[in-house]
1. Could you please let me know if residue 237 is at negative phi and surrounded by fewer than 14 Cβ atoms within 10 Å (Cβ to Cβ)?
2. Can you tell me how many residues in the range 166-199 are in a helix (DSSP H, G or I) and touching a strand residue (DSSP E or B) at 6+ places or on another chain (Cβ under 9 Å)?
3. Of all residues in the range 114-137, how many are surrounded by fewer than 18 Cβ atoms within 10 Å (Cβ to Cβ), in contact (Cβ under 8 Å) with a residue 40 or more places away in the chain and assigned to a strand (DSSP E or B)?
4. Checking residue 108 against (1) at pLDDT below 90; (2) assigned to a strand (DSSP E or B), which test does it fail?
5. If you go through the range 268-286 one residue at a time, how many are in a helix (DSSP H, G or I) and surrounded by 10 or more Cβ atoms within 10 Å (Cβ to Cβ)?
6. Which is in the same structural domain as residue 256 (by TED's automatic domain parsing), surrounded by fewer than 12 Cβ atoms within 10 Å (Cβ to Cβ), free of Cβ contacts under 8 Å to residues at least 60 places away in the same chain and under 30 Å from the mean Cα position of the chain (by Cα), of 141, 182, 213?
7. Would you pick out the residues in the range 121-134 that are in contact with a helix residue (DSSP H, G or I) (Cβ under 7 Å, 6 or more places away or on another chain) and either within 23 Å of residue 247 (Cα to Cα) or not assigned by TED's automatic domain parsing to the domain that holds residue 261 (or both)?
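The values are calculated or read from the model by the stated rules, or taken from the named source; none is laboratory data. Given the structure is predicted, the values throughout are model-derived calculations rather than measurements. Note that we place each Cβ from the backbone using ideal geometry, even for glycine, and neighbour counts take in every protein chain shown.
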């Protein structure tokens with residue numbers, strides 16, 4: 001009997017390697033097929049975001065693409081509506097009272113630089129618009145140097161309800177070089193101050209009630225009053241700031257700058273008169289002297305007319321006085 005040869009040591013590893021390679025190849029082919037299938041499906045699908053929902057749509061057909069393009073403005077509108085709803089105050093839960101509407105405190109400021117044909121006419125029209133809008137003039141400045149363009153600057157205030165119409169009317173006065181409108185929302189600060197004032201007043205009322213009911217001695221009364229005084233100061237400061245915000249929000253500020261197109265030409269000034277000649281001076285002096293002489297003569301004549309009525313009284317009185325004086329002054333006869 002011929003002995004059987006032992007198996008080769010390399011035969012077992014070779015028999016194990018072949019199945020491993022086959023399994024690995026099959027797995028790679030499957031993964032490649034899955035990848036290509038998924039890629040083609042995602043490439044043919046688009047996603048439409050509307051609000052908080054996500055909807056997949058197919059773009060394989062032209063009709064689907066056209067419908068999506070036609071719906072794009074509507075989608076944009078829905079998105080803007082969603083933003084507006086997000087900014088709007090949320091509705092209170094059921095069973096709770098609705099919150100009071102907040103009166104927004106927005107401060108508007110505008111700056112207009114206009115080039116006008118006639119500065120005087122533009123100023124007059126701006127004043128008419130200001131009067132019609134119920135506004136007021138805060139400050140003004142006008143400049144006009146010879147050979148340069150005349151300018152005028154105004155600081156105006158108008159009620160916030162007339163702000164847009166007033167600014168729109170000013171734009172019609174000339175060509176805008178600068179047109180700037182800004183707004184500052186002070187609503188949050190105003191609401192915060194309003195809430196703090198309410199809380200501080202409630203605390204003040206409690207302290208006043210405590211002072212009236214629980215203060216048994218002078219020391220207790222003074223201690224409570226020392227707590228009330230700083231609280232009252234804080235309330236007054238907060239209310240002052242609150243009134244300031246209300247005033248700022250009630251009136252809008254407009255900075256108006258006007259510049260004339262043509263260079264400014266000042267009005268012509270008449271030249272000074274030439275000095276008089278010697279003959280004119282002699283004639284003027286003689287006329288002045290003659291006038292003085294005529295005035296003196298008129299004065300004497302008026303004096304005579306004025307004293308005439310008095311002569312009828314003064315003349316007899318003078319004669320009697322002269323006779324009496326002469327009689328009393330006669331010399332005494334010589335002694336024998």
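1. Here the answer is yes, as residue 237 does meet what is asked.
2. 5
3. The qualifying residues number 1.
4. It fails just one condition, (1).
5. 7
6. Being in the same structural domain as residue 256 (by TED's automatic domain parsing), surrounded by fewer than 12 Cβ atoms within 10 Å (Cβ to Cβ), free of Cβ contacts under 8 Å to residues at least 60 places away in the same chain and under 30 Å from the mean Cα position of the chain (by Cα) holds for just one of 141, 182, 213, which is 141.
7. 129, 133, 134
Yes/no per residue for (1) within 30 Å of residue 143 (Cα to Cα); (2) modelled with pLDDT of 90 or more; (3) in the same structural domain as residue 141 (by TED's automatic domain parsing):
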| position | (1), (2), (3) |
| --- | --- |
| 158 | yes, yes, yes |
| 163 | yes, yes, yes |
| 209 | no, no, yes |
| 238 | no, yes, yes |
| 263 | yes, no, yes |
